[in-house]
Amino acid sequence: MATMRVPDRQGRFGSFGGRYIPETLMPAVDELDRAYRAARRDPGFKQELATLLKEYVGRPTPLTRASRMSDALGFDIYLKREDLNHTGAHKINNTIGQVLLARRMGKTRIIAETGAGQHGVATATAAALFGLRAEIYMGSEDVKRQALNVYRMKLLGASVHSVESGTRTLKDATNEAIRDWVTNVRDTFYVIGSVVGPHPYPMMVRDFQSVIGREARQQILRTTGQLPTHIVACVGGGSNSMGIFYPFRRDLVQLIGVEAAGEGLDSGRHAASIQIAQPGILHGSLSYLLQDEDGQIQPAHSISAGLDYPGVGPEHAYFHAIGRAQYVAVTDAEALQGFHQLAEWEGIIPALESAHAVAWVIKAQDDLRRAKARVLINLSGRGDKDVEQVFELDGRQSHAAH
Amino acid sequence: MRRIEEAFQEAKQQNRAALITYITAGYPNLEILPNLVRALSEAGSDIIEIGIPFSDPLADGPVLQRAATVALNRGARVSKILAAVEGFAADAAPLVFLTYINPVFHYGVGRFAQDAVQAGIQGLIIPDLPWVEGRELRTAAEASRIAVIPLVAPTSTDAHLRAIGRARGFVYAVSLTGVTGVRKVVDAGVRPLVERIRHFTRLPIAVGFGIATPEQAHEVGEVADGVIVGSALVDVLTHNPGREEEAAFRFVHDLSQAVKNITTKA
């Protein structure tokens with residue numbers, strides 16, 4: 001692939017990406033771009049990050065062969081165990097990197113948006129580690145649904161702002177975080193949680209999350225002597241998927257991003273922006289968006305709060321446009337089934353987000369079996385946070401059945 | 001039709017600052033828009049900004065966020081707004097659109113510029129389209145003879161100020177780091193900001209964000225060529241249900257008196 005050196009200096013992945021933010025923030029993202037590029041070349045920064053990832057986050061995370069799942073489906077399946085990270089998901093790979101950069105830039109105040117609270121918890125954790133003040137924006141709907149994560153953030157010393165505007169979910173929390181950033185730009189570092197936002201965020205978050213793919217590539221080569229044939233990961237904003245895809249981008253490996261089809265693509269209640277593939281501009285970059293005929297952003301829906309976002313990172317839009325990755329979607333019901341199956345097969349309860357990747361592998365099993373596939377699934381997080389929700393959903397269903 | 005340039009020239013000749021008022025199209029409803037614009041024109045607005053509501057207005061504070069939500073819920077659509085504007089533009093003060101980039105991008109940048117001009121719009125203000133990302137819109141705007149109004153923030157670099165040197169219309173100076181909305185005092189940075197911008201451009205400079213009262217309008221008018229009032233006017237509409245036009249007229253009339261008799265123009 002010849003066109004893989006992206007983004008360019010303007011933050012473009014082909015036609016996607018860019019910096020669509022108020023002029024007030026332009027000097028800040030320029031400063032961030034310079035600081036990040038300098039840090040990336042600085043052996044001291046790299047060493048400190050590597051040490052923290054090893055000794056604090058618990059990396060490298062294992063690569064586990066999913067033996068019973070492999071036997072049941074008739075082809076080889078490996079799991080990259082991001083669920084075993086400190087705080088229970090891949091999110092912390094990025095927040096440690098960004099907060100380390102914030103400290104290096106002399107920023108004293110950290111802000112972040114969060115949906116279900118995973119990125120908020122990971123940001124609060126990193127801020128606590130460095131003794132920095134963190135303020136987390138969270139939609140009031142999510143604050144209600146995720147009371148425990150709100151309390152977790154508070155335990156970690158962060159303050160949580162409940163956002164009442166718009167749909168009161170992740171999209172609006174992001175708007176409010178950007179408004180805070182515009183207001184306090186001189187001393188505040190905005191820790192974005194996915195490969196979204198204005199340049200350099202999509203590139204920077206991708207780089208911080210690429211540790212997943214770099215480790216997995218070495219691990220699977222060491223274990224099997226071969227590359228996987230397929231890599232499967234869920235896509236909301238797309239940070240865990242880009243993190244595992246990116247180091248394999250030049251390999252002969254099929255990259256499969258699984259979006260949330262919610263109650264079905266036809267229902268209108270889903271979060272599958274790449275399936276719809278309507279270009280649009282939100283939260284600082286040009287990518288695919290769920291929107292109406294006037295360009296008004298439409299609310300997303302997914303059983304999994306982490307995928308419940310109406311956009312997607314610009315590099316995924318680019319991968320879709322050039323055909324480097326294939327994007328598919330599974331419904332809430334299929335994801336729920338994947339959640340149960342992995343728990344029973346492997347003794348691993350996946351996050352509902354990651355269960356989407358598992359569910360697609362189950363759904364595509366016939367093709368994968370025929371292809372003698374060697375599948376690598378990015379198990380981006382653990383399902384402890386979702387147990388209560390699934391308990392209620394299953395309870396409702398078994399109740400209805402009787 | 002009166003032009004933006006003429007509005008600033010006339011104000012200057014009369015030794016006052018130009019008054020620029022903002023309302024969100026569709027708030028409190030779209031039917032009232034023509035009468036509101038007439039009231040604003042007659043009350044002394046030199047230029048009127050018409051906001052096209054967007055679902056995710058990240059440069060706006062609570063007042064304009066709420067106005068956008070109400071307008072969208074009541075069915076404000078780009079096509080309906082264009083049609084309404086076409087009906088009154090000829091008789092109104094010079095009109096500009098203020099909106100976010102996605103509705104424009106989705107409509108098609110070139111087609112939007114064309115249709116806006118067709119409706120009688122003379123300028124576009126897009127707070128989430130920084131100058132460096134605006135080349136396509138500027139090309140389309142140049143072809144359609146519509147001004148893309150550059151924004152300057154307190155944090156803006158000299159490179160940005162140089163880049164907007166060839167802009168048309170006026171410079172929109174953002175008075176503070178923050179979002180739109182009423183503030184108690186005018187930011188102390190306004191005067192140095194305006195003076196700094198003057199080194200780089202001969203365009204008129206209008207200051208917006210946070211200006212709410214006649215006193216504040218006067219204070220800013222002493223420094224800048226134009227004073228922009230938005231949230232405070234929308235607040236007036238909110239607090240005067242059923243008598244929006246009358247209330248808007250009175251509020252804007254007071255503002256227009258306040259920007260007269262400027263003594264210490266820089």
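Key figures
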| item | result |
| --- | --- |
| Any hit, the range A:179-195, residues being in contact with a Pro (Cβ under 9 Å, 6 or more places away or on another chain), aliphatic (A, V, I, L, M) and within 13 Å of chain B (Cβ to nearest Cβ) | yes |
| So B:E42, is it without any contact (Cβ under 8 Å) to a residue 12 or more places away in the chain and open to solvent by 20 Å² or more (accessible area, probe 1.4 Å) | no |
| Residue tally, condition farther than 26 Å from B:I101 by Cα, acidic (D, E) and without any contact (Cβ under 8 Å) to a residue 24 or more places away in the chain, over the range A:257-305 | 1 |
| Set B:N35, B:N29: member being assigned to a loop (DSSP other than H, G, I, E, B) and either among the small types (G, A, S) or open to solvent by 10 Å² or more (accessible area, probe 1.4 Å) (or both) | B:N29 |
| Residue under evaluation B:I197, criteria (1) within 14 Å of another protein chain (Cβ to nearest Cβ); (2) out of contact with any strand residue (DSSP E or B) (no Cβ under 7 Å at 6 or more places or on another chain); (3) surrounded by fewer than 23 Cβ atoms within 10 Å (Cβ to Cβ), criterion not met | (2) |
| Only listed residue being touching a residue at least 60 places away in the same chain (Cβ under 8 Å) and open to solvent by 10 Å² or more (accessible area, probe 1.4 Å), chosen from A:T123, A:T169 | A:T169 |
| Residue that is farthest from the other protein chains (Cβ to nearest Cβ) [pool: residues in the range B:145-174 that are closer than 19 Å to B:P94 by Cβ and in a loop (DSSP other than H, G, I, E, B)] | B:R145 |
| Matching strands (runs of 3 or more DSSP E) fully within the range A:259-357 where at least 2 residues are modelled with pLDDT of 95 or more and closer than 26 Å to A:V390 by Cα | A:325-331 |
| Number of the exception - A:D366 against (1) part of a helix (DSSP H, G or I); (2) in contact with a strand residue (DSSP E or B) (Cβ under 8 Å, 6 or more places away or on another chain); (3) farther than 26 Å from A:A277 by Cα | (2) |
| Test: residue in the range A:215-226 that is away from chain B (no Cβ under 14 Å) and surrounded by 24 or more Cβ atoms within 10 Å (Cβ to Cβ) | yes |
| Residue under evaluation B:G189, criteria (1) within 24 Å of A:T183 (Cα to Cα); (2) open to solvent by less than 10 Å² (accessible area, probe 1.4 Å), criterion not met | (2) |
| Selected residue (criterion: surrounded by the most Cβ atoms within 10 Å (Cβ to Cβ)) from residues of the range A:1-53 that are free of Cβ contacts under 8 Å to residues at least 24 places away in the same chain and hydrophobic (A, V, I, L, M, F, W, C) | A:M26 |
| Subset of the range A:369-402 (residues that are open to solvent by 80 Å² or more (accessible area, probe 1.4 Å), assigned to a loop (DSSP other than H, G, I, E, B) and at negative phi) | A:H402 |
| Which numbered condition B:G178 fails, given (1) open to solvent by 10 Å² or more (accessible area, probe 1.4 Å); (2) within 12 Å of chain A (Cβ to nearest Cβ) | (1) |
| Hits in the range A:180-199 (condition: more than 21 Å from A:D308 (Cα to Cα) and outside any loop (DSSP other than H, G, I, E, B)) | A:D180, A:W181, A:V182, A:T183, A:T188, A:F189 |
| Per-region count, the range B:215-266, residues under 19 Å from B:V63 (Cβ atoms), assigned to a loop (DSSP other than H, G, I, E, B) and within 17 Å of the chain's Cα centre (by Cα) | 1 |
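For every residue, the table says whether it meets (1) hydroxyl-bearing (S, T, Y); (2) touching a Phe, Trp or Tyr at 6+ places or on another chain (Cβ under 9 Å); (3) under 19 Å from A:H90 (Cα atoms).
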{"position": "A:A147", "(1), (2), (3)": "no, no, no"}
{"position": "A:V163", "(1), (2), (3)": "no, yes, no"}
{"position": "A:N175", "(1), (2), (3)": "no, yes, no"}
{"position": "A:G193", "(1), (2), (3)": "no, no, yes"}
{"position": "A:H199", "(1), (2), (3)": "no, no, no"}
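For every residue, the table says whether it meets (1) surrounded by 22 or more Cβ atoms within 10 Å (Cβ to Cβ); (2) not hydroxyl-bearing (S, T, Y).
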residue: A:Q118; (1), (2): yes, yes
residue: A:V143; (1), (2): no, yes
residue: A:L148; (1), (2): no, yes
residue: A:T174; (1), (2): yes, no
residue: A:V196; (1), (2): yes, yes
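The values are calculated or read from the model by the stated rules, or taken from the named source; none is laboratory data. Keep in mind the model is a prediction, meaning the values are calculated, not measured. Cβ: placed from backbone, ideal geometry, glycine included. Neighbour counts: every protein chain shown. For accessibility, only protein heavy atoms count, side chains too; no ligands or nucleic acids. Shrake-Rupley method; radii C 1.70, N 1.55, O 1.52, S 1.80 Å.
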